[in-house]
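Worksheet: one structure, shown below.
The values are calculated or read from the model by the stated rules, or taken from the named source; none is laboratory data. Everything numeric in this text was worked out from a predicted model, so none of it was measured. Cβ placement follows ideal geometry from the backbone for every residue including glycine, while neighbour counts extend to all protein chains displayed.
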Amino acid sequence: MKKYIFAILIIGALGYFLYLGVKTNTPTGADMSVAYADQGRTHIQVGTAHSAYNSNPPSSGWHYANPADPGFYAEAVADEYFIHNLEHGDVWIAYRPGIADDAVAKLRAFAGARTVIAPREANETDIALVAWRHVDAFNIENGLLDETRIRDFITRYQNKGPEKVPASTMRVRR
């Protein structure tokens with residue numbers, strides 16, 4: 001009898017932890033992103049001119065042959081590197097230079113094997129979350145960064161690019 005009770009407790013505990021894992025990997029808020037038409041996956045040489053992108057920041061299209069290392073960048077990086085990251089399923093968090101230091105520190109915490117974070121002068125808003133063909137752009141309101149919105153976007157779109165590359169093969173830049 002004790003064996004059955006123990007087995008039931010183990011199965012119950014496993015079920016509970018499985019439920020928590022599914023629950024934490026499910027976005028909690030609405031999808032605030034805009035979907036854009038795919039502009040292709042053409043590789044270009046560094047510095048090569050190309051047609052205008054259909055989103056700001058760009059979410060597909062012409063890009064350099066090498067992606068940026070995932071992680072946090074304190075300096076701007078050419079969009080064409082990050083578009084290659086998007087193709088691999090990474091999420092790009094572009095922030096407007098000059099936002100509060102505490103907001104930048106909170107953004108930095110999202111750096112990982114499938115995210116790239118960098119300042120970007122051409123942003124029209126404080127924050128732009130970018131995945132392949134999707135952009136969610138918003139301003140920081142009342143000095144508060146919407147971390148749930150960022151987490152939901154990452155959960156929703158990470159590893160959804162047209163080219164699958166195992167995260168274990170990427171070097172993370174911190």
Considering only the range 25-35, I want to know if a residue exists there that is loosely packed, with under 15 Cβ neighbours inside 10 Å, modelled with pLDDT under 95 and among the β-branched types (Val, Ile, Thr). yes
Please verify whether residue 80 is without any contact (Cβ under 8 Å) to a residue 40 or more places away in the chain and charged (D, E, K, R), treating the condition exactly as stated. yes
Among residues belonging to the range 61-72 that are part of a loop (DSSP other than H, G, I, E, B) and at negative phi, point out the one that is surrounded by the most Cβ atoms within 10 Å (Cβ to Cβ). 70
Applying the selection to the range 38-58, what residues are of a type in the set (S, T, N, Q) and either surrounded by 13 or more Cβ atoms within 10 Å (Cβ to Cβ) or under 23 Å from the mean Cα position of the chain (by Cα) (or both)? 39, 42, 54, 55, 56
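Quick grid of which residues meet (1) of a type in the set (Phe, Trp, Tyr); (2) at pLDDT below 95; (3) more than 19 Å from residue 34 (Cα to Cα):
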{"position": "76", "(1), (2), (3)": "no, no, yes"}
{"position": "79", "(1), (2), (3)": "no, no, no"}
{"position": "91", "(1), (2), (3)": "no, no, no"}
{"position": "109", "(1), (2), (3)": "no, no, yes"}
{"position": "172", "(1), (2), (3)": "no, yes, yes"}
With the requirement that a residue be more than 21 Å from residue 75 (Cβ to Cβ) and among the acidic types (Asp, Glu), what does the range 107-160 give you? 136, 141, 146, 147, 152
Please give the helices (runs of 4 or more DSSP H) falling wholly within the range 73-159 in which 1 or more residues are surrounded by 14 or more Cβ atoms within 10 Å (Cβ to Cβ) and over 14 Å from the mean Cα position of the chain (by Cα). 79-87, 101-108
